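Enquirer: First the structure, then my questions, so here it is.
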Amino acid sequence: SDEPVMPPIRMPVAKRLFDLLSAVLLAPLWVPILLVVGVLNLVINGWPAFYVSRRRVFGQQSCSVIKFRTMIRDADKVANRSTVPVTEQRFLNIAPDSPLYTPLGRVIERFFLTEIPQFLNVLAGSMSLIGNRPLPEDVISALKVVHPDAELRFVARCGLSGPVQLVGRDAIDDASRLRLEIAYARRCLHAYSITLDVMLAIYTVLILTRIKRSMSVAEVAARLDRWAEPFGFGKHEQALEPH
């Protein structure tokens, strides 16, 4: 088979503790945003205020992932991996200027609030604060046609933000994105330290607030190495090489 062999996986306890502690400590920030934006969306755009979809989050596990609805109703039936022609990019990114977005949705997207409801997924344990983004199965299938090792991005639990967000999803090709995602997942599995997620979280905020510029793929890869190196990453690196 061309697909890599995925061994049994279990996430480090320290990562789950980091997720819980972060979600609780940040609650005074995300809970008011969840309530206020949810009510505004309901009043302005009507029901539903949230968009819930089934996504792969860890290994072969899927769950219902929640986010603010930023598009017109049933936009997922208009724009999905089955209806949008596959070009050189197999990840599905909807352009920011797409007419599918509602006016309020554009504001939510502009201020990077779309994923805030996923703190509920973090509390439930289905997602992490930091990790590769969850994906629908049709996107995964499209990726695996060209990138059979795409499954390896799921050896770590998916999150609200990860290494790709330091580059920008629209500024990175599929192969480079998967390379960063798999590199992060391996580090979580074999050499996890809270430092890794703390630094990714800090840099996400600094870049989103434009205090720091976005990084290149090479810069993010070097940061992952730097943050993981003191904890012995490397000795198990071959364990998840595609077979």
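The values are calculated or read from the model by the stated rules, or taken from the named source; none is laboratory data. Here the structure is a predicted model, which means the values were calculated and not measured. Every residue, glycine as well, gets a Cβ built from its backbone with ideal geometry; the counts of neighbours run over all protein chains shown. These area figures cover heavy atoms from the full protein model, side chains too; ligands, DNA and RNA do not enter into them. Shrake-Rupley method; radii C 1.70, N 1.55, O 1.52, S 1.80 Å.
Enquirer: Classify the range 173-227 as rounded, prolate or oblate, taking a ≥ b ≥ c as the square roots of the eigenvalues of its Cα gyration tensor: rounded when a/c is under 1.5, otherwise prolate if a/b is larger than b/c and oblate if not.
Expert: oblate
Enquirer: Compute the relative contact order of the range 54-179 as a whole-number percentage, counting only Cα pairs closer than 8 Å that sit 6 or more residues apart in sequence.
Expert: 33
Enquirer: Quick one: if you stick a label point 7 Å off each Cα along the C-beta vector at Val84 and Ala222, how many nm between them?
Expert: 3.2
Enquirer: So for Lys77, Lys144, what's the accessible-area order with a 1.4 Å probe, most first?
Expert: So the residues, ranked largest to smallest area, are Lys77, Lys144.
Enquirer: Tell me, what ³J(HN,Hα) does each residue in the range 186-191 have, in order and in whole Hz, if you take phi through Karplus 6.51 cos²θ - 1.76 cosθ + 1.60 with θ = phi - 60° and put x for Gly and Pro?
Expert: Taking θ as phi minus 60°, the curve returns 4, 5, 4, 6, 10, 8 Hz for the range 186-191.
Enquirer: Rank these by accessible area, largest first, 1.4 Å probe: Arg187, Arg226, Arg16.
Expert: Arg226, Arg16, Arg187
Enquirer: Leaving out ligands, DNA and RNA, what percent of the accessible area of the chain is carbon and sulfur, probe 1.4 Å?
Expert: The value for the chain is 62 percent carbon and sulfur by accessible area.
Enquirer: Taking amide H atoms as placed 1.01 Å from N in the peptide plane, list the residues 5 or more away in sequence, or in a different chain, whose amide H sits under 5 Å from that of Met71.
Expert: Thr102
Enquirer: Each residue of the range 68-76 in turn: what ³J(HN,Hα) in whole Hz from Karplus with 6.51, -1.76, 1.60 and θ = phi - 60°, glycine and Pro shown as x?
Expert: With the stated coefficients, the range 68-76 comes to 5, 6, 10, 10, 5, 4, 6, 4, 5 Hz.
Enquirer: Report ³J(HN,Hα) in whole Hz for each residue of the range 170-176, in order, from the Karplus equation J = 6.51 cos²θ - 1.76 cosθ + 1.60 where θ = phi - 60°; Gly and Pro get x.
Expert: Calculated HN-Hα couplings, in order: 8, 10, 9, 7, 4, 5, 5 Hz.
Enquirer: Please report the accessible area of Ile44 (heavy atoms, 1.4 Å probe, ligands and nucleic acids excluded) in Å², nearest 10.
Expert: Only protein atoms counted, so the area is about 110 Å².
Enquirer: How much accessible surface does Trp227 have with a 1.4 Å probe, in Å² rounded to 10?
Expert: Probe radius 1.4 Å; accessible area of Trp227 about 20 Å².
Enquirer: Hey, can you grab everything whose amide H is under 5 Å from the amide H of Leu135? Only 5+ residues off in sequence or another chain; H modelled, so Pro and N-termini drop out.
Expert: Arg56
Enquirer: Accessible area of Phe18, 1.4 Å probe, to the nearest 10 Å²?
Expert: 20
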